[in-house]
1. Considering 56, 29, which residue is surrounded by 13 or more Cβ atoms within 10 Å (Cβ to Cβ), part of a strand (DSSP E or B) and either more than 13 Å from the chain's Cα centre (by Cα) or among the basic types (Lys, Arg) (or both)?
2. Could you please give the count of residues in the range 32-46 that are in contact with a Leu (Cβ under 7 Å, 6 or more places away or on another chain) and outside any loop (DSSP other than H, G, I, E, B)?
3. If I ask for residues that are exposed (fewer than 13 other Cβ atoms within 10 Å of the Cβ) and either part of a strand (DSSP E or B) or touching a helix residue (DSSP H, G or I) at 6+ places or on another chain (Cβ under 9 Å) (or both), which ones from the range 59-77 would you list?
4. So how many residues does the range 54-77 have that are touching a Leu at 6+ places or on another chain (Cβ under 8 Å) and without any contact (Cβ under 8 Å) to a residue 40 or more places away in the chain?
5. Does residue 60 meet the test of being touching a Pro at 6+ places or on another chain (Cβ under 9 Å), modelled with pLDDT of 95 or more and among the hydrophobic types (A, V, I, L, M, F, W, C)?
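The values are calculated or read from the model by the stated rules, or taken from the named source; none is laboratory data. Here the structure is a predicted model, which is why all the values come from computation and not from measurement. Methodologically, a virtual Cβ is constructed for each residue, glycine included, from the backbone with ideal geometry; neighbour enumeration extends over all protein chains shown.
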Amino acid sequence: MESDRGQSRCWAGPGALRVTGVRLVGAHRVWADFAGISPDVTSAFLVTAEGGLVGRGYYASVEELADVVDLSALSPC
């Protein structure tokens, strides 16, 4: 989920929605564990709106993400 330059990929949607692909290390790992992401998952989608988590916040797959976000409404940041 990271670009060639090591930067996270992100998408924006309506209502200040932001989806960011993140590596699950450090604080992201802690929050992902709290959200129920399996320990063997190394990256996830972080979903926020106006600085707060959307749903459980971290989603391990596009399928899980699609359950809470209209993917067709997203555009690259």
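1. Result of the check over 56, 29: 56.
2. Total satisfying the criteria: 4.
3. Within the range 59-77, the subset exposed (fewer than 13 other Cβ atoms within 10 Å of the Cβ) is 61-63, 66-67, 70-73, 75-77.
Selection gives 62, 71, 75, 76.
4. So the count comes out to 6.
5. Working: touching a Pro at 6+ places or on another chain (Cβ under 9 Å): no; modelled with pLDDT of 95 or more: yes; among the hydrophobic types (A, V, I, L, M, F, W, C): yes.
The answer is no for residue 60.
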